1. Report every pair of residues separated by at least 6 positions or lying on different chains whose Cβ atoms are under 7 Å apart, first residue within region 203-219 and on the phi > 0 side of the Ramachandran plot and free of Cβ contacts under 8 Å to residues at least 40 places away in the same chain, second surrounded by 14 or more Cβ atoms within 10 Å (Cβ to Cβ) and in a strand (DSSP E or B).
2. Of all residues in region 159-185, which are under 18 Å from residue 98 (Cβ atoms) and touching a residue at least 40 places away in the same chain (Cβ under 8 Å)?
3. Residue 170: in contact with a helix residue (DSSP H, G or I) (Cβ under 7 Å, 6 or more places away or on another chain), over 21 Å from residue 114 (Cα atoms) and in a strand (DSSP E or B), yes or no?
4. Does region 62-80 include one or more residues that are surrounded by fewer than 10 Cβ atoms within 10 Å (Cβ to Cβ), more than 60 Å from the chain's Cα centre (by Cα), at negative phi and modelled with pLDDT of 75 or more?
5. Just a yes or no: is a residue in region 109-123 more than 24 Å from residue 223 (Cβ to Cβ), modelled with pLDDT of 95 or more, in contact with a strand residue (DSSP E or B) (Cβ under 8 Å, 6 or more places away or on another chain) and not in a strand (DSSP E or B)?
6. Within region 178-191, identify whether any single residue is assigned to a loop (DSSP other than H, G, I, E, B) and either over 20 Å from residue 119 (Cα atoms) or at pLDDT 95 or above (or both), and answer yes or no.
7. Return yes when residue 188 is free of Cβ contacts under 8 Å to residues at least 24 places away in the same chain and either on the phi < 0 side of the Ramachandran plot or surrounded by fewer than 18 Cβ atoms within 10 Å (Cβ to Cβ) (or both) and no when it is not.
8. Which residue, of 208, 197, is in a loop (DSSP other than H, G, I, E, B) and surrounded by 15 or more Cβ atoms within 10 Å (Cβ to Cβ)?
């Protein structure tokens, strides 16, 4: 190049030409079919359940709670004393001729742990028992030489005894064992006179089976 020749300055860049129109986007191609699913693999066997570990130690029992208050004591029932008494007579006389209203003699005390409530004394031709307030279960028994009936007679005292028809016991056959029971109630602050007597005709105590004694017995149980 000729050194005497000087290169002129570069000319300014000409304006940028307009952007050409964008070509249209092509259609999305059709999705190909899904391939077949592979076979499921075999499941691993379930492992054995492990041995259960030992039960842990039981915790300390908590302290017992405070006891609740004791309820009120109920009222004392009436006639709280209970007890019993037994009387017997073992020879025929004077129980070999007892008309209605005359008391059999049952005068030998076998036991009596409530003498303040049950007592015996002569009266009405035989033995009369006096009961104080309370409820009494009474058992009386004997054997008669002939068919007959006996019963409990009661009243305010030994001279005013009347038959209690609810207590009649007897037998249409001679020398059978007659066994009677009853419950008698004596009102508070009161007393009751009581005896055993025949109901119809004259009664005569017989021997007790093959025994040689002429038993007549009465038993009182104070139940209230």
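1. Short answer, once both residue conditions are applied: none.
2. Hits for region 159-185 are 161, 163, 179, 180.
3. Taking the combined requirement at face value, the residue does not satisfy it.
4. Looking for residues that are surrounded by fewer than 10 Cβ atoms within 10 Å (Cβ to Cβ), more than 60 Å from the chain's Cα centre (by Cα), at negative phi and modelled with pLDDT of 75 or more, one finds none in region 62-80, hence no.
5. Looking through region 109-123, none of the residues is more than 24 Å from residue 223 (Cβ to Cβ), modelled with pLDDT of 95 or more, in contact with a strand residue (DSSP E or B) (Cβ under 8 Å, 6 or more places away or on another chain) and not in a strand (DSSP E or B).
6. For region 178-191, residues assigned to a loop (DSSP other than H, G, I, E, B) and either over 20 Å from residue 119 (Cα atoms) or at pLDDT 95 or above (or both): absent.
7. No: the conditions fail for residue 188.
8. 208
The values are calculated or read from the model by the stated rules, or taken from the named source; none is laboratory data. Computed from a predicted structure; not experimentally measured. Note that each Cβ is placed from the backbone with ideal geometry, even for glycine, and that neighbours are counted across all protein chains shown.
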